[in-house]
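Reviewing the structure listed below.
The values are calculated or read from the model by the stated rules, or taken from the named source; none is laboratory data. Computed from a predicted model, the values in this text were never measured in an experiment. Positions of Cβ are generated from backbone atoms using ideal geometry, with glycine treated the same way; all protein chains shown enter the neighbour counts.
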Amino acid sequence: MSEQQVFNLLIILSFILAVGIFISLFFVSAPYGRHTRRGWGLHVPSWLGWLLMESPSPLLMIALYLVGSAPKTTTTLVFLLMWLAHYAHRAFIYPFERRNHTLRMPVVVMLMGSIFNLGNAYMNGRYLFHFSAGKYPQSWLLDWRFITGALVFVGGYIINRWADRKLRGLRQPGETGYKIPYGGLYRWISCPNYLGEMMEWSGWALATWSLPGLTFAVWTYANLAPRARSHHNWYHSHFPEYPQERKAFIPKVW
């Protein structure tokens, strides 16, 4: 099989797997963070798990940009920078900002996350910087799909970062417990950080107008929508005073 055939097969398999993941995560919450539990084998410190799980994505994307045969335009550079804006922070800053350094992550979760990030970066990066073959000239930056998608991406990025800072600010140095967040989007939903990330990659799919981008958006929803629901239920089960009017991650909807 040629690389193009393998690439197309990976996209088809990714869509199928996303459906299975979406369904399964409503029954079994991924065992990290507040949902950590016994029975998942060896664990590593959570900060190390995040570092090893997320770092393959920005590193592979940079490598694919450098070796790709598609024309290196301002547009493809902007796509690379958009990707790195999220993943360089997620891999190399976020793990060390977390205040609860006692949390641990199962090695199996770290490995599954690493495999996904490698495959996802390969599909998106290989398409953008190789298989697209000149689809993204500089004029693409003025296309309505790019402009709209970039605005959604930036809006989601701002929401995601704001929500993470809000959660981090709930703990004083040395504290490890969980508290109820208030203010901003937390007035209406339990997980604006997840809403922001879903917006980011929905915007990415529109800005790139590509099947790999759409695949990533579908995977993001399949992973984070059930987890947002799990977080929402966790808050209600641990805090009797938790605001009843809040939804999980879409205001007034879900």
Return a yes/no flag: does the stretch 68-80 have any residue that is under 17 Å from the mean Cα position of the chain (by Cα), more than 24 Å from SER202 (Cα to Cα) and modelled with pLDDT of 95 or more.
no
List every residue pair whose Cβ atoms sit under 9 Å apart, with the two residues 6 or more apart in sequence or on different chains, where the first one lies in the stretch 140-153 and is farther than 17 Å from LEU214 by Cα and in a helix (DSSP H, G or I) and the second, anywhere, is aromatic (Phe, Trp, Tyr) and modelled with pLDDT of 95 or more.
TRP140/PHE146; TRP140/TRP209
Can you spot a residue in the stretch 175-184 that is under 16 Å from PHE79 (Cα atoms), more than 19 Å from the chain's Cα centre (by Cα) and surrounded by 19 or more Cβ atoms within 10 Å (Cβ to Cβ)?
no
Just to verify a result, which residue in the stretch 134-173, among those that are modelled with pLDDT of 95 or more and among the polar types (S, T, N, Q), is nearest to LEU206 (Cα to Cα)?
THR148
Qualifying residue in the stretch 89-98 (condition: on the phi < 0 side of the Ramachandran plot, surrounded by 14 or more Cβ atoms within 10 Å (Cβ to Cβ) and of a type in the set (D, E, K, R)):
yes
Subset of the stretch 143-200 (residues that are within 20 Å of SER46 (Cα to Cα) and of a type in the set (A, V, I, L, M)):
ALA163, LEU167, LEU170
Among the residues of the stretch 195-209, is there at least one that is out of contact with any Pro (no Cβ under 6 Å at 6 or more places or on another chain), under 25 Å from LEU10 (Cα atoms) and surrounded by fewer than 20 Cβ atoms within 10 Å (Cβ to Cβ)?
yes
What are the residues in the stretch 113-133 that are surrounded by fewer than 16 Cβ atoms within 10 Å (Cβ to Cβ) and either among the basic types (Lys, Arg) or modelled with pLDDT of 95 or more (or both), if any?
ILE115, LEU118
When residues of the stretch 201-220 are limited to those that are hydroxyl-bearing (Ser, Thr, Tyr), part of a helix (DSSP H, G or I) and more than 9 Å from the chain's Cα centre (by Cα), the one nearest to LEU77 (Cα to Cα)
THR208
Just to be sure I understand, how many residues within the stretch 25-51 are of a type in the set (Val, Ile, Thr) and free of Cβ contacts under 8 Å to residues at least 12 places away in the same chain?
1
Being within 29 Å of LEU151 (Cα to Cα), surrounded by 18 or more Cβ atoms within 10 Å (Cβ to Cβ) and in contact with a Gly (Cβ under 7 Å, 6 or more places away or on another chain) narrows it down to one residue among LEU64, LEU51; which is it?
LEU64
Verdict on SER190 being more than 16 Å from the chain's Cα centre (by Cα), of a type in the set (Ser, Thr, Tyr), under 17 Å from VAL78 (Cα atoms) and modelled with pLDDT of 95 or more
no
Of the residues in the stretch 73-95, those that are of a type in the set (Lys, Arg) and closer than 16 Å to TYR136 by Cα come to none
Show the residue pairs that are 6+ apart or on different chains and have beta-carbon atoms under 7 Å apart, the first residue being within the stretch 181-207 and closer than 18 Å to TYR94 by Cβ, the second being among the aromatic types (Phe, Trp, Tyr) and in a helix (DSSP H, G or I).
PRO192/TYR186; GLY196/TYR157; MET198/TYR221; GLU200/PHE153; GLU200/TYR157; TRP201/PHE216
